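Before we start, here is the structure in question, set down as structure tokens.
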Amino acid sequence: MSVTTREQGTTKVAEMAAKLSDEALCLAWMGTENKPVTQELAIVRGWMMDELHTRLGDDLFDEWLAGDENGDTLNPLAFLALASK
């Protein structure tokens, strides 16, 4: 796969993710929890994290990740609700 093709694919995925509601994005994220780790899953989760970062901003994104590091599976929806206030 060429770099151009990969960049076009990433752009298209970013556009699709941006169209998801907060709830749909969070359901997609939570649906990837406890799945066997594959390269494809890592890429998809990376795309979702990019969109979550965009919506949450730096501080809330970091807070969400810090909670997740404690071994808790945190649904990002509560953080998205804070970001919209």
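The values are calculated or read from the model by the stated rules, or taken from the named source; none is laboratory data. These numbers were taken from a predicted model, which means no experiment stands behind them. Cβ placement follows ideal geometry from the backbone for every residue including glycine, while neighbour counts extend to all protein chains displayed. For accessibility, only protein heavy atoms count, side chains too; no ligands or nucleic acids. Shrake-Rupley method; radii C 1.70, N 1.55, O 1.52, S 1.80 Å.
Need the full-extension length gain, H53 to E40, defined as separation in residues times 0.36 nm minus the C-alpha distance. One decimal, nm.
Numbers: separation 13, 0.36 × 13 = 4.68 nm, distance 1.99 nm.
Between H53 and E40, full extension yields an extra 2.7 nm.
Can you spot the lysines whose alpha carbon is less than 25 Å from K35's alpha carbon? Ignore those fewer than 8 places along the same chain.
Correct list for K35: K12, K19.
In addition: Give the accessible area for S84 in Å² (nearest 10); use a 1.4 Å probe, count only protein heavy atoms, and leave out ligands, DNA and RNA.
So the heavy atoms of S84 present about 90 Å² to solvent.
Something else now. So for the pair L20, E33, with labels modelled 7 Å out along Cα→Cβ, what separation do we get in nm?
Calculated label separation equals 1.5 nm.
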